[in-house]
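Peer 1: Pasting in a structure now, in structure tokens, and then I'll have a few things to ask.
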Ligand SMILES: C[S@@+](CC[C@H](N)C(=O)[O-])C[C@H]1O[C@@H](n2cnc3c(N)ncnc32)[C@H](O)[C@@H]1O
Ligand code: SF4
């Protein structure tokens, strides 16, 4: 999925321990670079979803115009990452599996032609089970996709209906089999704390996912997002105690099956972690291409955040104009915002990160946040181990409180 990296909320309270940073931090090396490509169309919009996704036009998605605009976007972006190796690509949405096999092949060929894509790069594509076809999955794999991420959500037909999904449980199962036959690595997205769901139903979904011998699961707590149908007409959802119970039971069941929770929502067998998502959490760089895509790019003396225009038509027209106007926002991250941005990501990882990564990725010394580290450790939220930046079990449970210390 497209990870939205939140920045400091407007009107946030002033920090208790101001960050002491020199102006214009310097990076001694550039972080690993990933590429995110956004495909903004879906068969229809799900009532809970606030991603930049739009119901596909009746005549089908404008694939030709999209690929032309993507090429234009890419060509205008290349100077920012010239010569750098790309470790992973994530084609997310929306529903990228609406792309034809030929369209996806063209997309990957243009990335290879313009970028220095490592031969063993992880190339993930998101797919909706309602758009799955065995032949097309095989073609995607032949073009270079080596990881598929399926939006399963639940294996309960009644639940899938409530969620407005375009597929039923039988189609979800068939899609998993097709994906596993086509590529070695498959992630399944499940949601929990669903309308009317109890613990038994939640665990039944998890057990069905495990029955496929799945190597990677993303478990998302259903949230009511503003400006969605569910926000306007909220369904009855399990209370906080029940959903916390589900979270704990899911973690136990998956651990017993050999899938460790390694990030807030991600569980994997050894060796099956997502390299692309790990790069976000380790504060790596990513170029975001396509409507609404976000990017973070480091240079020796600054870190840039970019956001493309969200509306697909507007992004396509602007990208084709070739004047850079498809980039709606391009801002330099101010050094005093870097500690919070770094911690917001790194502390999502259960094992945290090596303490040395902070200086490597932000160009700041750890001494700049000594007060915050002390305060977080004193409150029992941060592990006192000086070699790692890692939340304690308490800190992980109250992750927002821990992250806010670095605001
Ligand atoms: C871009 S979608 C995945 C691919 C495809 N669009 C699909 O839905 O099948 C990413 C995932 O985000 C999760 N998601 C979307 N909206 C959510 C919400 N409001 N609360 C929790 N998870 C959500 C779903 O599990 C979904 O599969
Ligand atoms: S199919 Fe996926 S991206 Fe599209 S509306 Fe549904 S959850 Fe959102």
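Peer 1: In the list 79, 31, 119, which residue meets the criterion of being away from ligand 1 (no atom under 11 Å from the Cβ), assigned to a strand (DSSP E or B) and at pLDDT 95 or above? Please lay out each step first, then the result.
Peer 2: Working: 79 fails: assigned to a strand (DSSP E or B); 31 fails: assigned to a strand (DSSP E or B).
Of 79, 31, 119, the one residue that is away from ligand 1 (no atom under 11 Å from the Cβ), assigned to a strand (DSSP E or B) and at pLDDT 95 or above is 119.
Peer 1: Can I ask one more? Applying the selection to region 136-163, what residues are within 16 Å of ligand 2 (Cβ to nearest atom) and closer than 19 Å to residue 198 by Cα?
Peer 2: Narrowing region 136-163 to residues within 16 Å of ligand 2 (Cβ to nearest atom): 148-154, 159-163.
Those that are within 16 Å of ligand 2 (Cβ to nearest atom) and closer than 19 Å to residue 198 by Cα: 152, 153, 154, 159, 160, 161, 162, 163.
Peer 1: Can I ask one more? I'd like the residue in region 212-232 that is assigned to a loop (DSSP other than H, G, I, E, B) and surrounded by 19 or more Cβ atoms within 10 Å (Cβ to Cβ) and, out of all such residues, is nearest to ligand 2 (Cβ to nearest atom).
Peer 2: Filtering region 212-232 for residues that are assigned to a loop (DSSP other than H, G, I, E, B) and surrounded by 19 or more Cβ atoms within 10 Å (Cβ to Cβ), the one nearest to ligand 2 (Cβ to nearest atom) comes out as 222.
Peer 1: Here's something else I'd like to know. Answer with yes or no whether residue 188 is within 16 Å of ligand 1 (Cβ to nearest atom), within 27 Å of residue 284 (Cβ to Cβ) and crowded, with 19+ Cβ neighbours inside 10 Å. Don't jump to the end; show me each part of the working.
Peer 2: Working: within 16 Å of ligand 1 (Cβ to nearest atom): yes; within 27 Å of residue 284 (Cβ to Cβ): yes; crowded, with 19+ Cβ neighbours inside 10 Å: yes.
Here the answer is yes, as residue 188 does meet what is asked.
Peer 1: Here is a further query. At least 1 residues that are at pLDDT 95 or above and closer than 18 Å to residue 386 by Cβ in each: list the helices (runs of 4 or more DSSP H) lying fully within region 287-373 that qualify.
Peer 2: 338-346, 356-362
Peer 1: Another question, then. Residues of region 82-97 being on the phi < 0 side of the Ramachandran plot, surrounded by fewer than 21 Cβ atoms within 10 Å (Cβ to Cβ) and outside any strand (DSSP E or B), which ones?
Peer 2: 82, 84
Peer 1: Can we say residue 396 is within 25 Å of the chain's Cα centre (by Cα) and more than 30 Å from residue 244 (Cβ to Cβ)?
Peer 2: On the way: within 25 Å of the chain's Cα centre (by Cα): yes; more than 30 Å from residue 244 (Cβ to Cβ): no.
Against the criterion (within 25 Å of the chain's Cα centre (by Cα) and more than 30 Å from residue 244 (Cβ to Cβ)), residue 396 does not qualify.
The values are calculated or read from the model by the stated rules, or taken from the named source; none is laboratory data. Being a predicted model, the structure only gives us computed values, none of them experimental. Ideal geometry is used to build each Cβ from the backbone, glycine not excepted, and the neighbour counts take in all protein chains shown.
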